[in-house]
Amino acid sequence: MQADEFLASFVARPTIVDALSSHGSFGKKPKRRDETYGGPVMRELARMQTRVQAPSTGGTVSVTVRMPSELASFLKSQAAESRRGLTGIVIRWLQGVRSHFGLPEAATTLLESDRTALRMERLEYLLHVLFQRSLELRDKGPGFDAPQAPELSRQ
């Protein structure tokens with residue numbers, strides 16, 4: 001895969017930043033509440049979330065898993081925070097790991113090639129990517145690539 005194809009896959013796809021910035025949510029106070037919390041912005045968020053939800057296969061399987069009570073408490077609190085059931089949050093997270101969190105195919109192909117070249121398992125590779133991000137944050141500061149990055153950058 002060529003770098004141009006990889007970049008084009010991101011340029012061609014609208015992002016939540018595009019949706020928010022095109023509807024006036026960055027840098028100015030909205031005129032109406034629904035300009036920020038509803039309408040086109042919420043539709044874009046919902047569309048993006050559907051990319052990481054489990055595909056409907058017509059059947060489900062019940063699986064019992066033993067885990068430490070602290071982990072179960074954490075999962076329950078995450079489910080409550082996101083207003084989902086425990087099963088829904090577990091499926092969403094596992095499906096996200098399985099599907100590269102809904103990234104475009106060009107990005108997933110590139111990431112899988114990198115993971116294979118590094119000879120890492122999927123979870124090990126995700127930890128590696130997060131660690132690399134933490135190194136970048138150490139150098140550039142939290143939020144350096146946010147839409148309002150110049151205001152948040154380290155001094």
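Where the second residue is part of a loop (DSSP other than H, G, I, E, B) and aromatic (Phe, Trp, Tyr) and the first is modelled with pLDDT under 90 and lies in the stretch 134-155, which pairs have Cβ atoms under 8 Å and are six or more apart or on separate chains?
These pairs meet every condition: PRO147/PHE26; GLN148/PHE26; LEU152/PHE144; SER153/PHE144; ARG154/PHE144.
Taking only pairs six or more apart or across chains, which ones have beta-carbon atoms under 7 Å, a first residue in the stretch 63-77 that is at pLDDT 90 or above and in a helix (DSSP H, G or I), and a second residue that is surrounded by 10 or more Cβ atoms within 10 Å (Cβ to Cβ) and of a type in the set (A, V, I, L, M, F, W, C)?
Pairs found: LEU75/LEU86; LEU75/ILE89; LEU75/VAL90; LYS76/LEU86.
The values are calculated or read from the model by the stated rules, or taken from the named source; none is laboratory data. Keep in mind it's a predicted model, so treat the numbers as computed, not measured. Heads up, the Cβs are rebuilt from the backbone with ideal geometry, glycines too, and the neighbour counts pull from every protein chain shown.
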